[in-house]
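The values are calculated or read from the model by the stated rules, or taken from the named source; none is laboratory data. Keep in mind that what you see is a predicted model, and the values were worked out from it rather than measured. Note: ideal-geometry Cβ built from the backbone for every residue, glycine included; neighbour counts use all protein chains shown. Areas reflect the complete protein model, heavy atoms only, side chains present, ligands, DNA and RNA absent. Shrake-Rupley method; radii C 1.70, N 1.55, O 1.52, S 1.80 Å.
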Amino acid sequence: MSAGPVIPDYGSPSACVANNSTFCVDWFTAHWSNLFWPALVQHIELTVIAVVAGFVIAFLMAVLAHFQGWFAMPASALSSFLYTVPPLALFQLLVPVTGFSVLTVEIALIAYSLYLLFTTILTGLREVPEDAVRAARGMGLTRRQILFKVELPMSLPSLISGLRVTTVMTIGTVAIAAYVIDSGLGSLILKALQSPFNTQFIGAGALAVILALTADGLLVLAGRLLTPWARSRKAA
């Protein structure tokens with residue numbers, strides 16, 4: 001006697017899922033490891049790559065503009081122009097060149113991060129009191145030593161402020177990148193929009209909000225640890 005086809009048993013949906021309630025905790029936890037967690041990790045990876053690369057480029061641009069004043073205007077104009085282009089329009093412009101790829105997304109995300117990072121880093125460097133620079137010069141420090149030992153430490157509050165805004169903005173923009181690549185929490189949100197089932201949409205959206213709040217909180221904590229003098233100055 002030959003065996004018949006094996007029909008998988010998917011079980012029966014819970015009452016919450018069957019009734020399509022607002023948010024089904026049992027469905028969310030059951031799909032955490034194979035749906036939400038991988039998307040969350042992809043979202044973090046895309047964000048970290050963009051913010052780190054954007055910070056390095058913006059930092060070099062700001063230092064060059066600080067040393068060579070003429071460079072500030074063209075750098076600010078270019079980064080400002082890239083910042084004003086709508087995300088979807090920039091994706092559409094890049095796709096014919098780099099395709100539907102992570103590279104397309106990262107180029108756009110890095111371009112968006114440059115303006116805020118460049119502006120805040122350069123502002124922080126320029127707001128260092130001239131008396132502190134003059135005193136460092138009087139102690140025999142070279143121009144490079146003054147930059148790394150005086151100007152950069154004193155500009156940290158402005159630098160971290162720029163990182164906070166840029167990181168939160170990038171987390172939000174990564175969600176839009178789901179129109180280009182099937183990755184991140186935005187992909188789950190986009191797919192959920194095509195279904196009447198609410199839990200996936202709400203779960204992915206809530207994770208994006210929690211990720212933004214957590215990243216901002218960690219940067220605030222890092223700022224307080226790295227700039228204890230800033231709190232003392234405010235208290236005084």
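Between the entries (1) 21.9; (2) 19.4; (3) 20.8, the label attached to Kirkwood radius over Cα pairs in Å calculated for this structure is (3). Considering only Gly186, Gly203, Gly217, the mean-square fluctuation computed in a Gaussian network model of the chain, springs between alpha carbons under 10 angstrom, is largest for Gly217.
Rounded to the nearest 20 debye, the dipole size of the chain about its Cα centre is 1040 debye, using +1 on the Cβ of Lys and Arg and -1 on the Cβ of Asp and Glu. Ligands, DNA and RNA left out, the accessible area of segment 93-203 computed with a 1.4 Å probe is 65% carbon and sulfur.
Against the chain, whose longest principal axis is taken from its Cα atoms, helix 199-226 shows a tilt of about 20°.
When the chain is treated as a GNM with alpha-carbon contacts under 10 Å, the residue of Leu190, Leu163, Leu221 showing the greatest mean-square fluctuation is Leu221. Specify the residue with the greatest mean-square fluctuation among Ser155, Ser12, Ser21, computed from a Gaussian network of the chain linking alpha-carbon atoms under 10 Å apart. Comparing Ser155, Ser12, Ser21 in a Gaussian network model of the chain, the most mobile one is Ser12. Computed on the chain, with alpha-carbon pairs under 8 angstrom and 6+ residues apart, the relative contact order is 26 percent. Rounded to the nearest 10 degrees, the inclination of helix 102-126 to the longest alpha-carbon principal axis of the chain is 30 degrees. Distance from the C-alpha centroid of segment 9-81 to that of segment 165-235: 6 Å, rounded to the whole angstrom. For the chain, the longest principal axis of the C-alpha atoms and the axis of helix 156-176 are separated by about 30°. When the chain is described by a simple charge dipole with +1 on each Lys and Arg Cβ and -1 on each Asp and Glu Cβ, the residue from Gln92, Leu40, Leu156 located farthest towards its positive end is Leu156. Shape of segment 36-76 from the C-alpha gyration tensor: prolate (a/c of 1.5 or more and a/b above b/c, with a ≥ b ≥ c the square roots of its eigenvalues).
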